[in-house]
Amino acid sequence: MEATPKEGIQGLIENWQSDLIAAVSVALIALPLSLGIALAAGAPAMAGIISAVVGGLVTTFYRGGHVSVNGPAKGVIGVILLGIALMDDGSGQAFNYILAAVVVSGAIQAVLGLLKLGRLAEIFHSSVIHGILAAIGIIIVAKQIHVAMGTESDSPSIIQNLIDAILFLPQANPFVVIISAVGLLLLLFHSKISNRFFHFLPAPMWVIALSIPFVYVFNFFEQHTLSFFGKAYEVGPHLLLDIPDSIADSIMHPNFSKIDTIEFWTTVFSILIITSIESLAIAKAVDKIDPYKRKTDLNKDLTGIGLSTMIAGFIGGIPIIAVIIRSTVNIHNGAKTKWSNMYQGLLLLLFIVVLSPIMTQVPLCAFAILLVYTGFKLASPSVFKQAYAQGTEQLLFFLGTMILTLYTNLLIGLLGGLLLALITHMLLARMSIPQFFNMIYRSRTKLIQRPDGGFDLKIRGIGNFLGILKIDKLVAQIPSGADVNIDLSETRLVGMTYMDYLVEFLKMQRESGGKVFITGLDSHVSSSSYNRALKISLTSSAKLSHRQKRLRNLATKNDYQYNSQVDWNTTYLKEFHFFEIRPIERKSNSLKGVFEDLNVSWEISDVTFNEGQAFTAETFNTTLMVLKLNKKIPVFTLEKEGVFERFFDRVMAFTGYKDIDFEIYPDFSRKFLLMGNNESEIRSFFTNEIIRFFENHHIYHLESNGEALLIFNKIKLARTDETIEFIDYAKELAQLLVPKKASS
């Protein structure tokens with residue numbers, strides 16, 4: 001692996017080219033999104049640009065991260081809208097009051113970082129946070145859908161705004177809707193367009209660029225009416241982005257005259273909590289995809305973002321946080337050091353100066369559809385489905401927080417959601433309030449060092465979000481690279497947020513070379529098969545499910561090995577490209593065997609992995625097989641074209657991989673996508689017999705890491721009969737791949 005890039009000025013000198021190239025892509029995405037976020041929040045459009053520029057130029061010089069990008073993000077939209085609604089007194093100073101709240105929240109955030117309290121964000125229940133983000137998504141959609149339709153809803157109620165969007169549909173301005181519809185189609189299908197020309201610019205910039213010709217066709221520059229099916233509609237400059245001629249004209253200053261009001265401090269703490277939690281969560285998510293596996297100093301990052309937020313607030317900007325989409329783009333485009341964040345700030349400043357005359361020709365509906373699309377992803381049906389998949393109680397926390405937030409505000413929604421989770425934990429644990437809190441704070445949880453240098457972490461009592469800070473102090477005593485056994489056998493309840501923390505520690509410790517195992521959950525039950533689901537100890541022994549019993553019987557009948565328990569050691573799977581970029585949670589229900597006549601071993605197991613990062617991550621479960629051939633084979637990936645489009649890493653196509661076709665086997669080449677770096681070796685490997693095998697057998701995703709094959713079909717858990725088919729398929733394939741002389 002390439003050496004870790006140097007830090008400071010030396011890193012700037014050595015990596016300026018790669019950082020600058022990455023920053024260009026980031027700035028192109030940040031430009032439309034920063035303007036759109038500010039507009040969606042009810043702030044002047046340039047407030048978003050000011051925030052993004054400060055996030056690049058200021059945060060870079062005091063930060064704990066390495067390749068994350070800072071600026072405004074969708075999470076701040078809800079808190080600013082809340083603040084404006086609370087403090088608007090008709091004086092025209094509502095946004096100036098918001099700027100004051102931004103300054104104060106930034107100052108508190110900086111102090112929290114200096115006091116090393118960044119870990120406080122760990123105690124906020126993950127389902128509650130997702131509920132707040134879903135509410136923010138609904139708020140964004142409710143406000144921006146009217147801009148995208150050319151309608152207007154005056155109701156202060158978010159729910160009524162959504163209802164009005166349906167009621168006002170017949171009144172929608174068709175010339176505005178046409179532009180929005182084109183933008184939406186582009187966002188939906190941009191990733192599916194194979195022509196590289198369309199990937200020259202990121203999707204948000206294409207939405208902006210392609211909206212401008214419509215402005216000329218419909219002549220939005222002059223106030224007039226256009227007819228559509230005999231009905232007249234108003235179009236004009238009011239539908240275009242209005243920004244000042246210069247950056248200096250965009251500067252606004254805070255007004256602290258409401259600092260003694262409850263509304264002001266509600267806004268301050270809403271901004272503080274949302275931005276702190278989101279920034280710290282995203283910082284950890286970025287660490288996972290950093291190719292050099294560097295770790296963010298969360299306290300320093302919190303202080304740096306707080307100081308930047310203060311500066312932004314003083315000159316008219318909105319709160320600054322770490323932004324996951326821009327950070328991901330930054331990494332995927334080769335950024336190596338923190339200086340890429342500075343470059344994107346400089347480029348953004350250059351772009352807005354140079355492109356300012358063009359940006360005033362962009363219709364507001366183009367920005368609105370970007371935000372509607374973003375808001376929908378925060379509250380899409382898949383988000384609700386994911387909450388349910390994590391447990392019925394998680395769906396309760398999620399929905400309760402979301403509804404409370406929509407009908408009150410973000411701060412009440414957060415506190416109410418945490419209280420709901422706490423009460424539910426008490427009821428599930430079936431104990432009195434004093435007992436419950438004693439089992440959190442006086443639980444006799446201990447860290448014991450073994451003679452061999454390893455550690456036993458014995459967790460007792462209640463393990464929920466309130467106990468994370470306590471366990472964090474114990475974990476901090478464990479050196480990097482040490483082996484750890486985490487025993488949960490004496491816990492009454494283990495919450496999902498607590499399990500999140502333990503699994504993240506497990507991954508971090510393993511990356512440093514230590515072996516970590518989580519044990520003692522055999523007698524715990526949960527309402528979901530999700531491995532981090534809330535678990536309660538109510539029985540003295542674990543019970544196998546019907547599927548597990550069938551797998552056990554299959555193993556007994558055929559002399560296979562079967563283990564129903566969770567196995568956290570998934571290191572080998574990461575040697576396959578599919579799992580290089582998709583974090584694996586665990587594997588379980590492992591079935592192992594050997595094709596003795598071929599000297600080929602195999603393992604079938606259920607694997608849980610994540611797709612996406614931070615708050616947008618989805619969790620999937622699938623059954624797969626690893627077939628170890630005990631011989632060297634080419635590295636390649638084979639799958640049916642179109643079947644795994646959702647999962648296949650398109651980046652491969654831009655890193656030397658290409659589809660390898662066989663002209664004499666047109667059916668095979670038409671059906672399958674075969675990719676790999678060494679084309680000549682792959683062509684030699686795919687003999688006539690092997691090609692015919694794949695043409696005539698059931699389709700599987702199949703991938704080689706050079707010595708073994710990873711095989712799976714649909715992203716789902718296999719039935720017992722499908723498991724038997726797996727084994728038969730693998731044996732027939734192994735007979736083709738292993739030389740006859742290897743038989744014994």
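Among the conditions (1) within 25 Å of K377 (Cα to Cα); (2) crowded, with 24+ Cβ neighbours inside 10 Å, S25 misses just one, which is (2). Within the option set I13, I80, I9, being at pLDDT 90 or above and in contact with a helix residue (DSSP H, G or I) (Cβ under 7 Å, 6 or more places away or on another chain) holds for one residue only, I80. A count restricted to region 115-158 and to residues that are outside any loop (DSSP other than H, G, I, E, B) and open to solvent by 50 Å² or more (accessible area, probe 1.4 Å) stands at 5. Residues of region 714-723 that are in a loop (DSSP other than H, G, I, E, B) and surrounded by fewer than 22 Cβ atoms within 10 Å (Cβ to Cβ): K714, I715, K716, L717, R719.
Among the numbered conditions (1) open to solvent by 10 Å² or more (accessible area, probe 1.4 Å); (2) closer than 24 Å to F367 by Cα; (3) polar (S, T, N, Q), the only one that N15 does not meet is (2). Just one residue in the set L280, L370, L347 is hydrophobic (A, V, I, L, M, F, W, C) and either closer than 27 Å to G118 by Cβ or outside any helix (DSSP H, G or I) (or both); that residue is L280.
Checked against (1) small (G, A, S); (2) surrounded by fewer than 24 Cβ atoms within 10 Å (Cβ to Cβ); (3) farther than 30 Å from D249 by Cα, G65 meets all criteria but (2). Quick one: count up the residues across region 170-179 that are open to solvent by 50 Å² or more (accessible area, probe 1.4 Å) and either in contact with a helix residue (DSSP H, G or I) (Cβ under 7 Å, 6 or more places away or on another chain) or in contact (Cβ under 8 Å) with a residue 40 or more places away in the chain (or both). Counting residues in region 170-179 that are open to solvent by 50 Å² or more (accessible area, probe 1.4 Å) and either in contact with a helix residue (DSSP H, G or I) (Cβ under 7 Å, 6 or more places away or on another chain) or in contact (Cβ under 8 Å) with a residue 40 or more places away in the chain (or both) gives 2. Checked against the criterion of being in contact (Cβ under 8 Å) with a residue 24 or more places away in the chain, of a type in the set (F, W, Y) and surrounded by 14 or more Cβ atoms within 10 Å (Cβ to Cβ), the candidates F198, F228, F214 yield just one match: F214.
D472 meets the stated requirement of being in contact with a helix residue (DSSP H, G or I) (Cβ under 6 Å, 6 or more places away or on another chain) and open to solvent by 10 Å² or more (accessible area, probe 1.4 Å).
If you filter region 344-382 down to residues that are aromatic (F, W, Y) and surrounded by fewer than 24 Cβ atoms within 10 Å (Cβ to Cβ), you find that the one that is farthest from V147 (Cα to Cα) is F351. Screening region 443-467 for residues that are under 35 Å from the mean Cα position of the chain (by Cα) and either in a loop (DSSP other than H, G, I, E, B) or farther than 29 Å from V484 by Cα (or both) and picking the one that is modelled with the lowest pLDDT gives S443. Among residues of region 676-696 that are closer than 16 Å to K640 by Cα, those with a beta-carbon under 8 Å from a residue that is among the acidic types (D, E) at least six positions away or on a different chain give the pairs F693/E732; E695/D667. Does at least one position in region 146-158 carry a residue that is of a type in the set (S, T, N, Q) and without any contact (Cβ under 8 Å) to a residue 12 or more places away in the chain? Yes, region 146-158 contains at least one residue that is of a type in the set (S, T, N, Q) and without any contact (Cβ under 8 Å) to a residue 12 or more places away in the chain. Looking across region 284-322, the residues that are under 18 Å from the mean Cα position of the chain (by Cα) and open to solvent by less than 10 Å² (accessible area, probe 1.4 Å) come down to A285, V286, D290, I321, A322.
Residue check: T619 meets all listed conditions (1) at pLDDT 80 or above; (2) open to solvent by 20 Å² or more (accessible area, probe 1.4 Å); (3) part of a strand (DSSP E or B) but one, namely (1). Taken over region 503-524, the criterion of being within 24 Å of T424 (Cα to Cα) and crowded, with 22+ Cβ neighbours inside 10 Å is satisfied by no residue. For region 675-691, a residue qualifies if it is at pLDDT below 85 and in contact with a Leu (Cβ under 7 Å, 6 or more places away or on another chain), but none of them does.
Scanning region 674-713 for residues that are open to solvent by 50 Å² or more (accessible area, probe 1.4 Å) and part of a loop (DSSP other than H, G, I, E, B) yields N677, N678, T687, H697, H698, E707.
The values are calculated or read from the model by the stated rules, or taken from the named source; none is laboratory data. This one's a predicted model, so the numbers in the text were calculated from it and none came from an experiment. Positions of Cβ are generated from backbone atoms using ideal geometry, with glycine treated the same way; all protein chains shown enter the neighbour counts. Only protein heavy atoms, including side chains, enter the accessible area calculation; ligands, DNA and RNA are left aside. Shrake-Rupley method; radii C 1.70, N 1.55, O 1.52, S 1.80 Å.
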